[in-house]
1. Determine whether the stretch 13-29 contains at least one residue that is charged (D, E, K, R), within 26 Å of Ser85 (Cβ to Cβ) and either under 17 Å from the mean Cα position of the chain (by Cα) or open to solvent by less than 30 Å² (accessible area, probe 1.4 Å) (or both).
2. Give me the pairs: first residue in the stretch 48-61 and in contact (Cβ under 8 Å) with a residue 60 or more places away in the chain, second residue open to solvent by 70 Å² or more (accessible area, probe 1.4 Å), beta-carbon distance under 6 Å, and six or more apart or on different chains, which are they?
3. Considering each of Val106, Val80 in turn, give the residue that is free of Cβ contacts under 8 Å to residues at least 60 places away in the same chain and in contact with a Leu (Cβ under 8 Å, 6 or more places away or on another chain).
4. Condition (residue is farther than 14 Å from Val8 by Cβ, not in a helix (DSSP H, G or I) and not charged (D, E, K, R)) applied to the stretch 113-125: is it met by at least one residue?
5. Could you list, in sequence order, all residues of the stretch 91-108 that are open to solvent by 10 Å² or more (accessible area, probe 1.4 Å) and closer than 14 Å to Leu2 by Cβ?
6. Pairs only if they're at least six apart or on different chains, beta carbon under 7 angstrom, first in the stretch 163-185 and at pLDDT below 60, second assigned to a helix (DSSP H, G or I); list them, first residue then second.
7. Condition first: of a type in the set (S, T, N, Q) and open to solvent by less than 40 Å² (accessible area, probe 1.4 Å). Now tell me which residues in the stretch 109-129 satisfy that.
8. Taking the options Leu96, Leu89, Leu50, name whichever one is of a type outside the set (Gly, Ala, Ser), modelled with pLDDT under 90 and more than 21 Å from Lys174 (Cα to Cα).
Amino acid sequence: LLLLSLLVAWSLGTFEVGLALRAEGELSLGPKETGIMFVECMVVMGLTQLLVFNRWFPAAHTRLLLAPGFILLAGGLLLVGRASSAQELFLAVAALSAAAGILSPVIAFWTSLAAKNVQGRGLGWQTSAASFGQAAGSAAGGALLGVPFLGGPFLIAAFLSISAAMLAAPLSGKLAALSHRSSRGLVSQLSR
């Protein structure tokens, strides 16, 4: 879960820096358009979180969203890196934001549940992993943007996201066992 948290944050860091640099440079978008895309990101993430964490979607089932979320994240990253117009970029931002809106709280939820009696410590480690990933992804997003080798930072982040999806798929079964052991705990409370 810590590695998955790091990889989500890496992708977001790459996206944030890369989007700003691509929008201003290659796509000649102004600060207004770039700002609107970041607002779009916030709104889509918020709406996605409302869809995932509500009384009608059992919290124990959120583990099933990890692998698809990383695949959607990879697709959004590839679209951001290949977008040739503002419209394509808006679509890419929506996909990437939806994925991040799913993955970040789902990983935090399961990290908290797995930490059992030391939830503060578990969430502290998760925050540290995410902070490191954000810093590394931001650095990669800026440093590698003009490098054509491997398609630049978006392709690298997409590859890392696909790798995370492959890690998340078998993890889902382990988390199912964790949710069964904790049936009287946090999962059952949030599922009501």
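The values are calculated or read from the model by the stated rules, or taken from the named source; none is laboratory data. The model shown is predicted, which means the values in this text are computed figures rather than measured ones. Counting neighbours? That spans all protein chains shown, and the Cβs are built from the backbone with ideal geometry, glycine included. Surface areas here come from the heavy atoms of the whole protein model, side chains and all, with no ligands, DNA or RNA. Shrake-Rupley method; radii C 1.70, N 1.55, O 1.52, S 1.80 Å.
1. Yes, there is a match, as at least one residue in the stretch 13-29 is charged (D, E, K, R), within 26 Å of Ser85 (Cβ to Cβ) and either under 17 Å from the mean Cα position of the chain (by Cα) or open to solvent by less than 30 Å² (accessible area, probe 1.4 Å) (or both).
2. The qualifying pairs are Ala59/Leu190.
3. Result: Val106 is the single residue among Val106, Val80 that is free of Cβ contacts under 8 Å to residues at least 60 places away in the same chain and in contact with a Leu (Cβ under 8 Å, 6 or more places away or on another chain).
4. Within the stretch 113-125 (the criterion being farther than 14 Å from Val8 by Cβ, not in a helix (DSSP H, G or I) and not charged (D, E, K, R)), the answer is yes, since at least one residue qualifies.
5. Ser104, Ala108
6. Ser182/Leu113
7. Of everything in the stretch 109-129, those that are of a type in the set (S, T, N, Q) and open to solvent by less than 40 Å² (accessible area, probe 1.4 Å) turn out to be Thr111, Ser112, Gln126.
8. That would be Leu89, the only listed residue that is of a type outside the set (Gly, Ala, Ser), modelled with pLDDT under 90 and more than 21 Å from Lys174 (Cα to Cα).
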